Amino acid sequence: MTSGADSGLGCLLLIERLQATLASRRYGQLLRFLREQIAQRLLLNDADIDGRAPLMSLGMSSLQVMEIKMLLEQQLARPLPSSLVFDYPTLVQLVPKLLELAGLQEEASIDASPEASLAPRSLRPNLAAPQGDVLAQLAAELAELRGR
């Protein structure tokens, strides 16, 4: 799930990759890392992980949450509070806190609309499509939601 651009950085710890990344891209990089780790444990596609949903509501057990916390301690090369994932239960809350704890939050500026990348890909409108196509896509999604 890593792109070719990341292949040279693959053996570095996450903290080293974040430090080597432009400050404006750190939020997205950490968000991608967490989505991949969560998806792997839940046997889901990482694009389907909603960053606004509490991790426990995605089906993560307490043990899986602690596994993520221990992995983060290793990858960020620092101890983290035991209650971290419970105190910051969504990726929207967790990512900025992790950047802060890693000493990178001051430099990191979150992209203009991180919320757009937090919804599962199936719920994101295709903004590159002509306006009529976007409206048709939204109408189809609305009809699907009403049918549930």
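Here, each number is a calculation from the coordinates, and none is a lab measurement. Please read all numbers here as calculations on a predicted model, not as lab measurements. Heads up, the Cβs are rebuilt from the backbone with ideal geometry, glycines too, and the neighbour counts pull from every protein chain shown.
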Ser57-Leu142 FRET efficiency (beta carbon distance; Förster radius 22 Å; 0.05 resolution): 0.45
Cα-projected label distance for Lys97 with Glu73, points at 7 Å along beta-carbon direction, nm: 1.6
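When the gyration tensor of the stretch 6-55 is built from Cα positions, what are the square roots of 5 times its three eigenvalues, in whole Å, from largest to smallest?
Calculated on Cα positions only, the semi-axes equal 22, 13, 8 Å.
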Order by protection proxy (mean Cβ within 10 Å, highest first), peptides 138-146, 96-104, 28-36: 28-36, 96-104, 138-146
